[in-house]
1. Expressed as an acute angle from 0 to 90° and rounded to the nearest 10, what is the orientation of the C-alpha long axis of helix 452-473 relative to the principal long axis of the chain?
2. Need one number: nm distance between label points at ARG432 and PHE133, each 7 Å from Cα along Cα→Cβ, rounded to one decimal.
3. Rounded, prolate or oblate: pick one for segment 283-403, where a ≥ b ≥ c are the square roots of the eigenvalues of its C-alpha gyration tensor, a/c under 1.5 means rounded, and failing that, prolate if a/b is larger than b/c, else oblate.
4. Quick check on the chain: take the gyration tensor over C-alpha atoms, sort the square-rooted eigenvalues as a ≥ b ≥ c, and tell me if it's rounded (a/c under 1.5), prolate or oblate.
5. Using only alpha carbon pairs under 8 Å that are at least six residues apart, calculate the relative contact order of segment 330-474 and give it in whole percent.
6. For segment 264-311, what class follows from the C-alpha gyration tensor (a ≥ b ≥ c being the square roots of its eigenvalues): rounded when a/c is under 1.5, otherwise prolate if a/b is larger than b/c, else oblate?
7. Apply the Karplus parameterisation 6.51 cos²θ - 1.76 cosθ + 1.60, with θ equal to phi minus 60°, to every residue of segment 221-236 and state each ³J(HN,Hα) to the nearest whole Hz, in sequence, with x for glycine and proline.
8. With r as the distance between the Cβ atoms of ALA148 and LYS280 and R0 = 22 Å, compute the FRET efficiency 1/(1 + (r/R0)^6) and round to 0.05.
Amino acid sequence: MNKRFYVTTAIDYVNGQPHLGHAYEKVITDVIARIHRAMGEPTFFLTGTDEHGQKVQQTAVAEGQDPRAYCDALAEVWQEFARTLGLSNDDFIRTTDPLHEAIVQAILAKLHEQGDFYKAPYRGWYSTKEETFLTDRDRRPDGTFDPAYGEVIELVEDNWYFRMSRHQQWLIEHIEQHPEFVAPDYRRNEVLGFLRNNTLEDLCISRPKARLSWGIPLPFDPDYVTYVWFDALVNYASLPGMRGDTVVLDALGRWLPAGVRIEPNPELRLWPADIHVIGKDILKFHAVYWPIMLKAMGLPLPRQVLAHGWWQKDGQRMSKTTGNVVDPVAVIRDWGLDAFRYYVVRELDIGPDGNWTDAGFASRYQAELANGLGNLINRSLAMLRRYRQSVVPARHDELAPEVGTAVAEVLEHCRRHALQDALIRIWALIDRANQYIDQTAPFKLAKDPAQAERLDQILYNLVETCRILAVLIHPFLPDTGRRIYEQLGIEGAPDRFELAAWGGLAPGHRTQAPTPLFPRRD
Ligand code: MSP
């Protein structure tokens, strides 16, 4: 088996509320995974939860629960969320999985043996909420820290550090030589600017166990646990390792804790990851710290870190306290999953920030889904039923060249992961097909028996275009793609782009009765 196309999302803090931002990241990653499957590539899509840390420990204790039981319950919520979003993830990693913990320990043991770590006192301003030390750069003009950091306390303690400085130069060169390593371009420039103008500070990787027990113990200093990034970032490589990926096991297997054995699976072939999809707020961790950690571990670097923007609602930061939030689960319940998936991918290109408005959502639903796509499928199948008893007429290629161009352009956008451009191009084809109905007016031709052959031609062009649309739409709106195939009476799913070749519908084939895909809402 060839190496799989391996794509990941960030892993979400298990104690957070699943919201629009998480949903967006998961949906765009799902679309990318489905695109690669449709292109015939073996693909692996990973998502999961980030479960250790101060906040989880604090909340569990406050609720009188064992942190593990508390995480088990929350992880179930996140897994249910993934199902609600229709994700096609191949696995779901939890950082409290004992095998993940074992691989984190193997990495720590290896790096310690190599001399990558040292212990030193640390004094600083510490945000318990963000589990991070803050610097003067995090202060507001009036000298205070943003209330978003929660309680900020001064803390002095010994900790373990990861030596960074020796890694700065090669990383700059790597990013210069691999322009695709950080996307979009302006994010890459941001990372390069940061690396060229700052000296990387050593990364603090531990917390004393006395203060934070809900973490992975350092194998070489049991008074400490590793914290946040040395645990969370590792998930991308630990999951392949846990499932037997030989690239990961060859680099780390020797350092696994005593008694832990993982069976190699040479067929798996996941690492290195092809794309880490993340939000812009965690770019530095993914584009600077993570590659450096990997280099130290002896693992190849991922091909790309793809940073998306942040969503606001009505031009303002979403916040539970003000009630200004979009609850994706409620939207999906009210409007359907594919309406949600369509809106977020169509509204926001991967990169810039976006703004959710309920009115914008309703208007895209009405114009583009109900009147655009839904109407085209409905009218085409209804006319075939009324005029030809649902039997597909002889093949005719009037729209074939236009559809062929559209397919080629959509696939090109898909290859570049330009998801918004792909949807815009698909909808241009939908508009064209609706216009074709208005221009050729089959409902008029049907009244004139002398026009029977022309009517056959138009009907073939329409239903074949609908079929190809099902294939193009499927990675974005999987359920809609399947339903169009079902209404066309075609077995199986429209889940391979090679099905988008003109002429797939055989004359004599019988379609089903149309049912509205996106019922109109008033
Ligand atoms: N646990 C860390 C990530 C570790 S990855 C090794 C974390 N978790 S998070 O739950 O806070 O965020 C998860 C993802 O959701 C991040 O990529 C983040 O950028 C994204 N989003 C959170 N809020 C968002 C919006 N309002 N809009 C878009 N995405 C946002 O960070």
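1. 10
2. Each label point is offset 7 Å from its Cα along the Cβ direction, giving 5.9 nm.
3. oblate
4. Prolate, because a/c is 1.5 or more and a/b exceeds b/c.
5. Numbers: 110 pairs, mean separation 45.8, N = 145.
Relative contact order of segment 330-474: 32 percent.
6. Here segment 264-311 falls in the oblate category.
7. 7, x, 7, 10, 10, 7, 9, 6, 6, 6, 9, 5, 4, 4, 3, 4
8. Efficiency computed from Cβ-Cβ geometry: 0.85.
Bear in mind these aren't lab numbers, they're just calculated from the coordinates by the rules spelled out. For clarity, every value in this text was computed on a predicted model and none was experimentally measured. Don't worry about glycine lacking a Cβ; one is built from the backbone with ideal geometry, like all the others, and counts go over all protein chains shown.
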